[in-house]
Amino acid sequence: MENKPLLKSDASISAHSQLYKLYPELEGEHNPEWIAILDRVQLAEGCSNTILAATGSLCMGFMLLLDGTIRVYQDADDGRETTLYRINPGDICLMSLNSLLHNKPFRANAKAESNVRMLMMSAPDFHKAMGASEIFRTLMLTSLVDTMCSMVGSFYDTAFEPLDMRLACLLGRLFERSGTDALTITHQELSQELGTSREVISRLLKKLELQQCVVLKRGQILIGDNKNLPGLSTE
């Protein structure tokens, strides 16, 4: 992915303005060293399905996401993928933070799920910012705790919730988020979200279809007649 220098143009001014909307805490930082660091960040863009980081690679910079969504996942020995979390504008990437703080390789894969736009801070500048700005340092630590709590909750669900219930909850959230009665999603993509096989997902979806919770079409899943999915509004 090609990085483009952040110039003092209308585009860069807009990027700074968007940065403060997404990370409002940073607008209160007026430390001259921080301002100098912010002036050196680069505006970068990536297309949907671009691999932004791979397991074992070194993290060369810190990302502040402005637009788009990034999926962070791990590969299992049997080839399956397990989604760890997603990065949306205003979020911090836990794996990048860990890699930079400990100077260790990235421990997961990161893939753009849509076109993305971000501000990239070099690794040396990231370490300078951690020392120069208490506001930036607090933002990093708060985001670290929030992401860890979210991941622990997901792992709890994985350990104690039956897979069929996890699938039903996932579908309910996806329908609610999309605002439609039809999801364009494959069984393989659902298996990656839940860390299981496509065959298991297909079997569980058939079970949900028999219960009239969903209707299965090629490449699509529709809400069933009884609309009985957890997390799905019935209003």
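The values are calculated or read from the model by the stated rules, or taken from the named source; none is laboratory data. Not measured: the values here are computed from a predicted model. Reconstructed Cβ throughout: ideal geometry from the backbone, glycine too, with neighbour counts over all protein chains shown. With ligands, DNA and RNA removed, areas are computed over all heavy atoms of the protein, side chains included. Shrake-Rupley method; radii C 1.70, N 1.55, O 1.52, S 1.80 Å.
Structure values in brief
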| quantity | calculated |
| --- | --- |
| Environment charge of residue 20, counting only residues whose C-beta is closer than 12 Å and scoring Lys/Arg +1, Asp/Glu -1 | -2 |
| Convex hull (Cα only) mean projected area of the chain, reported in nm² to one decimal | 14.5 |
| Carbon/sulfur fraction of accessible area - the chain, other protein chains in place, 1.4 Å, % | 53 |
| Segment 78-207: C-alpha pair distances exceeding 27 Å, % | 32 |
| Where trypsin sites (Lys or Arg not before Pro) in DSSP loops with at most 14 other Cβ within 10 Å are excluded, longest remaining stretch of the chain | 9-217 |
| Per residue accessible area of the chain, 1.4 Å probe, in Å² | 55 |
| Spacing of the two label points (7 Å from each Cα toward its C-beta) at residue 211 and residue 50, in nm | 4.1 |
| Cβ-Cβ FRET estimate between residue 145 and residue 86, R0 fixed at 25 Å, reported to 0.05 | 0.90 |
| Size of charge dipole - the chain - debye, nearest 20, with Cβ of Lys, Arg +1 and Asp, Glu -1, no other charges | 420 |
| Global geometry of segment 1-130, whether rounded, prolate or oblate, following the gyration tensor of its Cα atoms and the 1.5 cut on a/c | prolate |
| Gaussian network model of the chain, Cα within-10 Å springs - most flexible of 180, 50, 83 | 180 |
